[in-house]
1. Cα axis of helix 53-63 to longest principal axis of the chain: angle in degrees, 0 to 90, nearest 10?
2. Count neighbours as other Cβ atoms within 10 Å of each site's Cβ, and list the GluC sites (Glu not before Pro) in the range 26-70 that are DSSP loop with at most 11 such neighbours.
3. Tell me, what % of the accessible area of the range 26-70 is carbon and sulfur with a 1.4 angstrom probe?
4. What number comes out for accessible area per residue over the chain if the probe is 1.4 Å? Units Å², please.
5. Can you divide the C-alpha Rg of the chain by 2.2 N^0.38 Å and report the result to two decimal places?
Amino acid sequence: MNSWPSSKARQVLAALLRIGWRIKRQTGSLRTLEREGWPDVIFAFHDQEEIGPRMLSRLSRHTGLQPHDL
């Protein structure tokens, strides 16, 4: 069973910024995020877009995001 709730992209991005990621560059809604000790991550979601549990789980493997961070 997946413990991730569906969340708006704006909320997920805010959580990533809180845990130490920062926006390296942005072109429209395509953002490249960076964090020391991690490879860069492309965050390609519009702010109002709903991100489902499956995609959040995949994103967490690359960013260290946890369900309680949302």
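The values are calculated or read from the model by the stated rules, or taken from the named source; none is laboratory data. Remember, predicted model here, so these are calculated numbers, not experimental data. Every residue, glycine among them, receives a Cβ derived from its backbone with ideal geometry; neighbour counts consider all protein chains shown. Note: accessible area is taken over every heavy atom of the protein model, side chains too, but ligands, DNA and RNA are not part of it. Shrake-Rupley method; radii C 1.70, N 1.55, O 1.52, S 1.80 Å.
1. With both axes taken from Cα atoms, the answer is about 40 degrees.
2. Sites meeting the loop and neighbour criteria: GLU36.
3. 50
4. 65
5. Details: Rg = 11.3 Å, N = 70, 2.2 N^0.38 = 11.1 Å.
With N residues counted in the chain, Rg over 2.2 N^0.38 Å equals 1.02.
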